[in-house]
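Just below is one structure, and these are the notes that go with it.
What follows is calculated from the coordinates using simple rules that are stated; it is not laboratory data. None of the values given here were measured: they were computed from a predicted structure. Methodologically, a virtual Cβ is constructed for each residue, glycine included, from the backbone with ideal geometry; neighbour enumeration extends over all protein chains shown.
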Amino acid sequence: MFCRKGTHVSDFLSGVIAGEVEKHLEQWGWQVVRVQDFSRVLEEFAACEPQLVLLDIGLPYYNGFYWCQQIRKSSQVPVIFLSSAADSMNIVLAMHQGGDDFVAKPFDLTVLTAKMQALLRRTYEFARQDAPLPLQDGFLNLSDGTLMRGEQQAELTRNELRIAEMLLEHRGRTVSREALMERLWSTDSFVDENTLSVNVNRLRKKMEALGFLDPIRTRKGEGYLIPS
């Protein structure tokens, strides 16, 4: 489902549930576009230019993990997975492929709407004017969520950005996993122990790919730190 609040919601759902979600969201003023041809999802996504995507795991042709991965190659649009396959492995995989939240079926439509509104609010808030945070011979740009080193840059997800920001704010000190999860939960992000590990590892790899050396250290049983 591709959504806008005045906003397209992309719906990669199917059957009765998709119809119920579409009807409910339209009553709240959302513009909803449902995928018609599941073999041409990216073409429909590009044509719609949604501001939010609702994505099931079990889909024709390719599963939701695949399509989320493909979307992430060109877009940072927020993605919410809706699925009855809500075991921890699928939730972690959904986050690892670039998902922003995971809602297990059956779900309350009012709760889903509230999660969508919160995610859109966080994603499309006015550009922040915060000064960049230095990182070795580069910096973290808070206004657009990018890591910069020379002419190279890497785009961070919202969770990666919040983790990097908190670690840099406490540079040289260990930040506990509990504190990081509390920071993410305060913004209504879905995160548990496994999800946090996935996001930290993804952030570390992006830093290393830009050439930052030993950017995030793990303190076993304590948390993480960025050296001063």
Of all strands (runs of 3 or more DSSP E) fully inside the stretch 23-97, the set with 1 or more residues that are of a type in the set (A, V, I, L, M, F, W, C), under 20 Å from the mean Cα position of the chain (by Cα) and closer than 24 Å to Thr195 by Cα is 52-55, 79-83
Of everything in the stretch 42-65 that's aliphatic (A, V, I, L, M) and surrounded by 23 or more Cβ atoms within 10 Å (Cβ to Cβ), which residue is farthest from Pro78 (Cα to Cα)? Leu55
Based on this model, can you work out whether Glu178 counts as loosely packed, with under 13 Cβ neighbours inside 10 Å and either farther than 23 Å from Arg217 by Cβ or over 18 Å from the mean Cα position of the chain (by Cα) (or both)? yes
When the stretch 141-163 is examined, which residues are found to be assigned to a loop (DSSP other than H, G, I, E, B) and among the acidic types (Asp, Glu)? Asp144, Glu151
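Per-residue answers, yes or no, for (1) closer than 24 Å to Asp100 by Cβ; (2) not in a helix (DSSP H, G or I):
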position: Arg173; (1), (2): no, yes
position: Ala179; (1), (2): yes, no
position: Arg183; (1), (2): yes, no
position: Ser197; (1), (2): yes, no
position: Val200; (1), (2): yes, no
position: Lys206; (1), (2): yes, no
position: Gly211; (1), (2): no, yes
position: Pro215; (1), (2): yes, yes
position: Ser228; (1), (2): no, yes
Can you tell me which residue is surrounded by the fewest Cβ atoms within 10 Å (Cβ to Cβ) among those in the stretch 104-115 that are within 17 Å of Gly19 (Cβ to Cβ) and aliphatic (A, V, I, L, M)? Leu109
Taking the criterion of being without any contact (Cβ under 8 Å) to a residue 40 or more places away in the chain, crowded, with 18+ Cβ neighbours inside 10 Å and closer than 30 Å to Thr146 by Cβ, would at least one residue in the stretch 67-76 satisfy it? yes
Please go through (1) over 23 Å from Val77 (Cβ atoms); (2) assigned to a strand (DSSP E or B) for Met166 and return the number of the only condition it doesn't satisfy. (2)
